[in-house]
Amino acid sequence: MSKFLNSKLLQLIPYAPGEQPQQQEYIKLNTNELPFPPSPQVLAVVQKQLELLNRYPDPSSARLHKALARHFCVEEKNIFTGNGSDEILAFAFQALCPNGAAFADITYGFYPVYCQLYGIEQQLVPLEEDFGVRVESYAGIDKTVILANPNAPTGLALAQRQVEELLCQNEDRLVVVDEAYVDFGAETSVPLVKKYGNLLVVGTFSKSRALAGGRLGYAVAGEELIDDLNRIKYSFNPYNLNRMTQAAAIAAVEDEEYFEETRREIVAVREDTRQKLQNLGFECADSLTNFLFVRHKTYTAEDLYTELKQRGVLVRWFDKPRIANYLRITVGTRQEMNRLIEKIQDIL
Ligand SMILES: *Cc1c(COP(=O)(O)O)cnc(C)c1O
């Protein structure tokens with residue numbers, strides 16, 4: 001680091017994204033993208049935006065917000081969008097955690113990084129032995145609650161009524177629900193936004209909408225919370241969504257048929273893979289996401305990770321307390337998962 005770095009940032013440990021190899025030689029099951037290309041409608045509209053690249057995009061993303069509002073059955077004033085949901089989460093940590101942030105000991109690894117970056121006090125709330133979230137553990141906590149639902153990397157989810165319980169514990173405490181994986185089978189909390197002013201739902205087009213490379217996150221909440229997020233956005237980068245991404249996201253959200261078809265396929269392949277992994281001696285809890293969180297009864301996760309990588313398959317292994325013996329495996333195409341199973345059989 002240079003001698004110019006603000007000393008407050010000396011201790012900051014940045015988030016380490018999963019590997020993004022530049023060669024195509026790997027079967028990539030490590031960062032929970034969709035294995036399919038975006039909807040064909042997306043390709044057509046992005047092409048049209050390229051010749052307009054000399055012009056700034058619409059800073060209010062009005063057409064996109066209209067499409068999202070229709071999709072979520074809310075009004076446009078209840079929608080915010082960001083450069084990936086990571087940007088929205090960053091804004092929420094920066095602006096909406098006046099008493100600190102509380103989240104699970106095992107969850108999305110970016111949350112503690114934001115706490116460090118913005119100097120926010122964090123409180124870790126341990127998951128149960130089986131990695132379930134215990135709602136009662138949050139009673140009495142006045143820090144902003146950050147809940148990944150479904151949780152990552154466990155793949156487990158709370159039902160909508162449990163999220164409602166969390167909201168009711170203290171209506172003066174904000175709950176941020178990060179729904180990055182909700183489209184693969186969990187219940188969304190979006191309908192609760194009308195009833196609860198202390199709820200901010202955050203989601204992304206990176207997983208179920210096949211737009212990880214486009215960077216689009218969204219938030220749904222009461223008007224006042226949306227105003228707060230806009231206050232940060234317009235003090236930071238009003239043009240946070242480029243014009244290709246705005247157009248792509250409108251096309252993606254309007255192509256319901258492609259969305260249904262691809263997510264149904266992922267869920268089917270997930271269940272098929274889960275069965276096969278269990279037959280090979282893996283412990284493999286239910287997943288309501290596009291990944292499986294697994295542990296083998298004899299092989300260590302580190303060894304499996306390394307052996308799979310040598311055979312051209314990338315999965316995610318976190319060298320962290322409680323989960324160091326688990327692998328997180330993204331659900332790819334049927335073909336990719338068959339290859340995964342073959343490689344595992346080979347290793348075992
Ligand atoms: C992938 C992921 C995100 C970030 O998604 P982007 O929209 O690509 O920034 C946020 N939260 C969780 C839990 C995720 O897994």
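The values are calculated or read from the model by the stated rules, or taken from the named source; none is laboratory data. For clarity, every value in this text was computed on a predicted model and none was experimentally measured. Methodologically, a virtual Cβ is constructed for each residue, glycine included, from the backbone with ideal geometry; neighbour enumeration extends over all protein chains shown. Only protein heavy atoms, including side chains, enter the accessible area calculation; ligands, DNA and RNA are left aside. Shrake-Rupley method; radii C 1.70, N 1.55, O 1.52, S 1.80 Å.
Things worth noting here:
- Amide H contacts of LEU199: VAL175, GLY222, each under 5 Å away and 5 or more positions distant or on a separate chain (H built 1.01 Å from N in the peptide plane; Pro and chain starts excluded).
- Peptides ranked, highest mean first, by Cβ atoms within 10 Å: ranges 13-23, 318-328: 318-328, 13-23
- With contacts taken as Cα pairs under 8 Å at a separation of at least 6 residues, region 257-348 carries a relative contact order of 28 percent.
- Heavy-atom accessible area order for TYR118, TYR305, TYR181, largest first, 1.4 Å probe: TYR118, TYR305, TYR181
- Theoretical ellipticity at 222 nm over the chain - DSSP helices of four or more residues, -39500 (n - 2.57) apiece, nearest 500: -11000 deg cm²/dmol
- The chain, relative contact order in percent, only Cα pairs under 8 angstrom and at least six apart counted: 23
- Under 5 Å from the amide H of VAL313 lie the amide H atoms of ILE27, each residue being 5 or more positions distant or on a separate chain, with H modelled from the backbone and absent for Pro and chain starts.
- Listed peptides 269-276, 306-313 by packing density, highest first (mean Cβ within 10 Å): 269-276, 306-313
- Choice from LEU50, LEU167, LEU200 showing the highest fluctuation, given a GNM over the chain with Cα pairs closer than 10 Å: LEU50
- In region 89-196, the trypsin sites (Lys or Arg not before Pro) that fall in loop regions by DSSP, at most 14 other Cβ within 10 Å: ARG134, LYS195
- Taking Cα centre as origin and charging only the Cβ of basic (Lys, Arg, +1) and acidic (Asp, Glu, -1) residues, the dipole magnitude of the chain rounds to 800 debye.
- Nonlocal amide H pairs with ALA102, under 5 Å, H built at 1.01 Å: GLN123, THR144, VAL145, ILE146
- Cross-link reach is defined here as a Cα-Cα straight distance under 25 Å, omitting same-chain residues fewer than 8 places apart; for LYS28 the lysines meeting it are LYS207, LYS276, LYS297, LYS309, LYS320, LYS343.
- Dipole axis of the chain (+1 Lys, Arg; -1 Asp, Glu on Cβ), positive-most option in PHE93, GLY155, PRO40: PRO40
- The residues neighbouring ALA301, those whose beta-carbon lies less than 14 Å from its own, together hold a net charge of +2 under the Lys/Arg +1, Asp/Glu -1 convention.
- Cα shape, region 118-209, gyration tensor, a/c 1.5 rule: rounded
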